[in-house]
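Below you'll find the structure, written out as structure tokens, and then a few comments.
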Amino acid sequence: MYIIRNFIILTIMSISFAGKETDTFKAANAYYNDGNYGKSIERYEKIISDGLHSGELYYNLGNAYYRQGLLGQSIWAYNKAILFSPRLGDAKYNLEIAMASMKDRILLPSDILPVRIYASIKSEYTFKEWLVFGSLLMFVTVCFFVASKVFILSNETFRKTISMLAFLIVAFHLVLIDLFFDQNEQQSGIIISNAVDAYSGPFKGENTMLFTVNEGTRAEIYQRQGDWVEIAIIDGDKAWIPLNTIRQL
Amino acid sequence: MKKIGDKMKNIGLILIFNLSFIFCFQAKAIVDKNNIALDEVISFKIELENAASFGDVNTSGLRKNFDIISGPNQQTSMQWINGRMTNSRIMSWTITPKRAGRLIIPALSISIAGKKTVTNKIIIEVGEPRKRKKDLDVFISAELNKDEVYLGEQITLTYKIYRKVECSIEPFEIPKFAGFWAEEIFRPSQIKFKNISLSGVSYQVGTLYKVALFPISGNENILQPLSVKVKQQTNKKRKNRDPFFNPFFDSFFTETETKILRTQSHKIAIKKYPSSRPNGFTGGVGSFKIFTETDVDSTSVNEAITFKITIDGTGNMGLFTLPKFKFSDGIDQFPPAERFEKNVFRDELSGKMTWEYILIPRLPGKLTIPPIALTYFNPKIEEWQRLTSISQSVIVKELNESYLANNGLTKRDIEVIGRDIKYIHMDHSQLNQINSRAIPYAFYIYLLSSFILILPLLARYVIGYNLGSLPGKIKNNALKKAIKSIEKSNNDGFLDNSKIIYIFLKERFQLPNANLDARSISDLLKNFMPKSLLTDLIEVVKICDRMSYGLSSDDDKKLVNQKILNILKKIDGICI
């Protein structure tokens, strides 16, 4: 009863929230159509600050930022859209266009084919989607298993089916574990300002400037100290930059 | 006990006495004279009665009308009168007024051990300097080349010192030039003097500081006076020596006198431009030339080129920016590196400002950099002027494939450069809560799966229903059981294999009769399996029956067991 009650309350709350925010979303789209990208960004960001989000919302926000000339912010928004809706093809396309204008480019050797295939499959679905697949597979396998124990479904084909399902369960859940660690182990962000000087310590003072990063560059966030964060860019260089120059994914 | 009590009482009295210093102190401000000239100094003292320490004095109120030349100096004295101790602490400053008139030394707050008190305020009458300039032995002046300028036009300000007698100059602070951008022209490490005649009086004159000032705002700006402290050798006149001036260097006939010299403040009027500001004016005032150049005439796609803009001339260099201009599409540009090389020529600030852009052409073809136009005001001819650089062209060749590998761009990057992004999605999707704590549906599915998994166990232990004894289960396990029995027969010696076959058939086909033989099997199973298989089965049953009554070798037994196994597997696989 408790679970059902909570579920109903959450559903009602979501519907009422979404109703109000949908109007803001439409208003933001209208501003975008009028070429008023600044106002459009304000509205999209308002929805996010109100605690709601969706793949389309981030995608539209990315477009507004791109039109406004804020390359780093647009790359951040497209990345968020893809994280939220991995199969949003337009977001992937626009991200490619935005990234082609980036000043910093670090090319790493490409992975071997199996790793590329695995990464491609893994990134095709969200963590929640993988969780649903895994749970459904588990359900089907358990039903088959119990049926094999209880009923007369015990011929060779049936047994092989159960073994295959069990193997798939293990594989799905390994992907899930991998995704879980991806999401929780390391925070990453996108540099949103141009020509950001990165220092050896969390203040300018006597610290040495190590390198300069430009907007759109992806960086791993290690730790925060006051208004500074320690980052590592993809080639492994670590340094401190002001907090307001990076936006966490 | 009485002695100890007396001691305790004394200690208590001493403590109370000392604490009274902290809580009951008084402060009094005094000056040595209330009526002075602008170029004279005052000795200002704060006397603290019964204070445990000197504490902190807030002198910000004092600095409003007076310059502090030295201090605070500290002095402590203690007196015992009629067995009572009084404690006196004196802090003293040497100060000089900033302007003539009726000036007030305000009540200053003093804080000692968390307790605060204030001093009394003192009024000081300050008159104009008593001596005329030509009667002075030493004075300083602020000289301007002009006092009416356009916004951004240069004024040259020179501070000079004039002296008739030997004097030493203490380090001094240049006033803040509010409303001006200041560019230092000359600051001597050692002042050089030359002889001049001023209104018939011979002086030695030296330059203290020279600065180029460019007004940046307002209609009228005021240059604050410069104060300089000098030590001058004068003939000895009086016997009593002022303790606040160091008599250490005094000779027998002369003594050192400290003086505060101050320039007058100046008003600078800011003229309005003769006509309204034209478009493209970014603040340049003076006389300039503009040049542009590229480091190469031809390049390849993605190969960086340097585009340099140089502005050369005299005026408010470094105070204005380049007008806005746009490079053509298909070029990535990096923020320019700015440089200013200062050059002072006849007290006029001149030099060279350069902007170096790194440009990366992304598309092949002829890259044209448009001319850069600079609009500025020339105060000498009082006119607006416009300069335009010549446009630059660079041939951009097709992408060199071998270069691509070493460049940041991938083939896909090259493909998408120049394309436009796809349009926004108008349909509002389901908005979800960020950091939603709702339990995912998958959790319920896992829960249900777990429940189904333990269902057979629950059935056995809760309602006592053994799923393993179900006819279907028995039927499924018949072959497994038969195989186990035959393996046991192989290991332990020849058992009654016909019995194994009968049990298998009974369980597999759920036959009602327990007393089976070859004939009954044939009748019962004729509808369940092909005839050939049934014949083979009957034959094997007969062999087993015969072997159970006679002797046979181990090899024969194993051969028969294998045959049984094959037939049973075949029956289990074929029959429903």
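Figures for the structure shown
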quantity	calculated
Cα centre as origin, Lys/Arg/Asp/Glu Cβ charges: region B:331-376 dipole, Debye	180
Burial ranking of peptide ranges A:220-230, B:186-196 (average Cβ count within 10 Å, highest at the top)	A:220-230, B:186-196
Shielding score for A:122-130, defined as the mean number of other chain Cβ atoms within 10 Å	1
Choice from A:I192, A:I48, A:I231 showing the highest fluctuation, given a GNM over chain A with Cα pairs closer than 10 Å	A:I48
Burial order of peptide ranges B:334-343, B:447-456 (average beta-carbon count within 10 Å, highest first)	B:447-456, B:334-343
Convex hull per residue volume in Å³, alpha carbons only, for chain A	182
Order of B:W80, B:W93 - criterion: other Cβ atoms within 10 Å of each residue's Cβ, fewest first	B:W80, B:W93
Net charge over other residues, Cβ less than 14 angstrom from the Cβ of B:D295 (K, R count +1; D, E count -1)	-3
Packing-based exposure ordering (other Cβ within 10 Å, fewest first) of A:H53, B:H266	B:H266, A:H53
25 Å Cα-Cα reach of B:K380 towards lysines, excluding residues that sit fewer than 8 places from it in its own chain	B:K146, B:K210, B:K267, B:K271, B:K272, B:K289, B:K342, B:K352
Modelled FRET efficiency - R0 45 Å, A:A232 with B:V31, Cβ distances, 0.05 increments	0.10
For residues of A:60-69, the mean tally of beta carbons on other chains within 10 Å	2
Computed label-point distance, nm, for sites B:S77 and B:F451 using a 7 Å Cα→Cβ extension	9.8
Dipole magnitude of region B:58-135, debye to nearest 20 (Cβ charges: Lys/Arg +1, Asp/Glu -1, about Cα centre)	260
Shielding score for A:51-57, defined as the mean number of other chain Cβ atoms within 10 Å	6
Sequence of A:W240, B:W355, B:W181 once ranked by neighbouring C-beta atoms within 10 Å, starting from the fewest	B:W181, B:W355, A:W240
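Coordinate-derived values only; no laboratory data. Keep in mind that what you see is a predicted model, and the values were worked out from it rather than measured. With ideal geometry, Cβ positions are generated from the backbone for all residues, glycine too; neighbour counts draw on all protein chains shown.
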